[in-house]
Amino acid sequence: MITSFRRRRPPTTGGRTPCGRYGRALVAVASALSALCLTLVQSPPAVAASVLSPMDATRMKLTAGDFQSRWDAISAIEASGRVTSYTGQTALTPLLDGKGRTGTRGLCHATNLNPDYKPDGFCWDTADDTSAEWTPQGLTASHDAQPGGTWLGKYVYIASWHYTGDTFARISVVDNSPGLPTTYDHVLLVDPYGAGSAANFRAVGDPNSGRTPVPGGHADGISWYGSKLFLATGHQIQVYDLRHLWRMSDNTAASVGIQGDGRSTARYHNWALPMIGVYHNGNKGDPCTDTAPCLTSLSLDRTGADGLITSEINATGGRPVVRWPLNATDALLQTDGARNHLGTVTATVAYRVPIWKVQGAATDGTHYYFSGECPAYAGSTDSDVPYCVHWAVPNQAPHVLTYAPPLTQNLSWSPSAGRLWGLNERADHTAPGKRVVFSLDPPD
């Protein structure tokens, strides 16, 4: 974990190292050196089919869903005493006590990342590294939550996971502070409903939900903004409030909710986090269009006015990366309503991305970074080939920055450290596994 502010390297070879992403471009002047570089560091050619081209963002809108009934249900459940809540403490305080599961500091598996960019990170424990039921997708951190980069003085990371069949979703809250073991806890995501003594909660992803739209359980992208947590899935951005963390009275049952005997359960989890609302542009199964794009990754952009960045996966690319405006006062998306839990959100910026199978997108204010297929492996069905981190500026073609772990998912930019974070979903269901959470220091 690198905690200092970014220190720039002096430029070499026109601002690029000889073994960087343009190694092959040097063949004409130094073929021997280029061959050696490509042997030591996997650096694919910087190629792209077309440019990062502007789209009409004003046609892309999200509608605020039901916040008020969820707030009412949360209040009733907490007042009942059936769950233990921590509203009198700073959000996440109970999860940052150094207990829980223990991961591995550093990169425990091969990542394919260019060593020139000083890669670092951490890994899950063996059970999560090799799980065939739970799959990680999104990543955010305290560098998103507040500009200083820490939360309660700690370097905290949050990953989103989906369950087989998308019937459950969870997050993992990780303390990866320097000099301490990497520890984390899983928290099941739940949807509160009902009123008064009948208030209860169900799993996010429960197919029997009576909500419209039905809350999706795939748990794709995730972003942390103040006390709020945003989760993108399909045509939805779900909203959670980290101040309403709940401890269950029973972690031994597969059920979810307040049971007839008064126990609170969250499918073997000690912890649950209730949804407070949703913004949406369609229902599950609706087509992904240029006016209602699907939302399959999420990151935070604090350059200029704060915003959320979404992207959409497509086998051969050509789908949007979109910026949605945030309101710093209430930490919700900015709508045209009297309050930001009502009305419509209108996107402010959008670009068409020519990269195949974009799984994540983030920006440092100048460059956009994308995780997606490498040109050398485009269309491959081999889940063990490297993914690539691409970068681009608007109206120019993307270039490959570095190879990355297979099936790399969401990305997150840390402005406080000047580093790009990401994670991959690839699992080997026997030890030692293949999943990592990684960071790198890209060049200017």
- Segment residue 397-residue 87, extension gain: residue separation times 0.36 nm, minus the distance between their alpha carbons: 106.8 nm
- Item | Among 170, 263, 319: highest mean-square fluctuation, GNM of the chain, C-alpha pairs under 10 Å | 263
- Message: Explain nothing, just compute: Karplus ³J(HN,Hα) = 6.51 cos²θ - 1.76 cosθ + 1.60, θ = phi - 60°, for every residue of region 421-437 in order, whole Hz, x for Gly and Pro.
- Response: 10, x, 8, 10, 9, 4, 10, 9, 6, 10, 4, x, x, 9, 8, 9, 10
- Can you list residues whose amide H is under 5 Å from residue 225's amide H, if they're 5+ apart or on another chain and H is modeled 1.01 Å from N? 230
- Per 5 Å bin, what is the whole-percent P(r) computed from every C-alpha pair distance within region 305-387? 3, 14, 21, 18, 14, 12, 9, 6, 4, 1, 0
- Would you please give the residues with an amide H less than 5 Å from that of residue 419, counting only those at least 5 places away or on a separate chain, with H modeled from the backbone geometry? 414
- Task: For n ≥ 4 DSSP H runs only, could you compute -39500 (n - 2.57) per run for the chain, divide by its residues and tell me the 222 nm figure to the nearest 500?
- Result: -2000 deg cm²/dmol
- Using θ = phi - 60° and the Karplus relation 6.51 cos²θ - 1.76 cosθ + 1.60, list the HN-Hα couplings for region 249-260 in order, rounded to whole Hz, with x at every Gly or Pro. 7, 9, 10, 9, 10, 7, 6, 10, x, 8, 7, x
- Message: Give me the three principal axis extents of region 330-443 from the C-alpha atoms, as integers in angstrom, largest value leading.
- Response: 52, 36, 30
- Task: Compute the label zone of residue 428 within region 132-165: residues whose backbone N is under 19 Å from the point 7 Å along Cα-to-Cβ.
- Result: 132-136
- So if R0 is 51 Å, what FRET efficiency would residue 344 and residue 251 give, r being the distance between their Cβ atoms, rounded to the nearest 0.05? 0.80
- Item | Under 24 Å between alpha carbons - lysine pairs in the chain that sit 8 or more apart or on different chains | 11
- Considering the chain as a Gaussian network with a 10 Å cut-off on Cα pairs, which listed residue, 81, 221, 422, attains the greatest mean-square fluctuation? 81
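How much accessible area per residue does region 296-444 have, counting only protein heavy atoms and a probe of 1.4 Å, in square angstrom?
On the way: 4600 Å² over 149 residues.
Each residue of region 296-444 exposes 31 Å² on average to a 1.4 Å probe.
How big, in percent, is the set of alpha carbon pairs in region 78-160 lying more than 23 Å apart?
Values: 1335 of 3403 pairs.
Beyond 23 Å sits 39 percent of the P(r) for region 78-160.
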- Where does region 88-226 land on Rg(C-alpha)/(2.2 N^0.38 Å)? 1.17
- Amide H proximity to residue 121 below 5 Å, modelled H, separation 5+ or other chain, gives 106, 107, 439
- Query: Can you pull the three principal axis extents for the Cα set of the chain, in Å, largest first?
  - Reply: 76, 46, 39
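Provide the percentage of antiparallel DSSP beta bridges, counting only those with both residues in region 239-387; round to the nearest 5. Working shown, then result.
On the way: 29 of 30 bridges.
Within region 239-387, antiparallel bridges account for around 95 percent of the total.
Could you estimate the translational diffusion coefficient of region 231-378 from the Stokes-Einstein equation, with Rh from the Kirkwood formula over C-alpha pairs, at 37 °C and 0.692 mPa s, in whole µm²/s? It would help to have the intermediate numbers written out before the result.
Details: Rh = 17.4 Å.
Translational diffusion coefficient: 189 µm²/s.
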- Note on the structure: Diffing region 383-400: the Karplus 3J(HN,Hα) column from phi (6.51, -1.76, 1.60, θ = phi - 60°), in whole Hz with x for Gly and Pro, holds 6, 9, 6, x, 8, 10, 9, 9, 9, 7, 10, x, 6, 10, 6, x, 10, 6
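Would you mind telling me the antiparallel percentage of the DSSP bridges in region 236-283, rounded to 5?
Details: 10 of 11 bridges.
Expressed as a percentage, antiparallel bridges in region 236-283 total about 90.
What net charge is computed for the residues neighbouring residue 333, neighbours being all others with C-beta under 12 Å from the C-beta of residue 333, Lys and Arg scored +1, Asp and Glu -1?
Values: positive: 61, 228, 323, 339; negative: 306, 330, 336.
Net charge around residue 333: +1.
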- Task: DSSP loop (so not H, G, I, E, B), at most 16 other Cβ within 10 Å: list which trypsin sites (Lys or Arg not before Pro) in region 78-147 pass both filters.
- Result: 99
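The values are calculated or read from the model by the stated rules, or taken from the named source; none is laboratory data. All of these numbers come straight from a predicted model, not from anything done at the bench. Cβ sites come from the backbone with ideal geometry, for glycine too, and all protein chains shown count toward neighbours. Side chains are part of the model used for accessible areas, which takes the heavy atoms of the whole protein and leaves out ligands, DNA and RNA. Shrake-Rupley method; radii C 1.70, N 1.55, O 1.52, S 1.80 Å.
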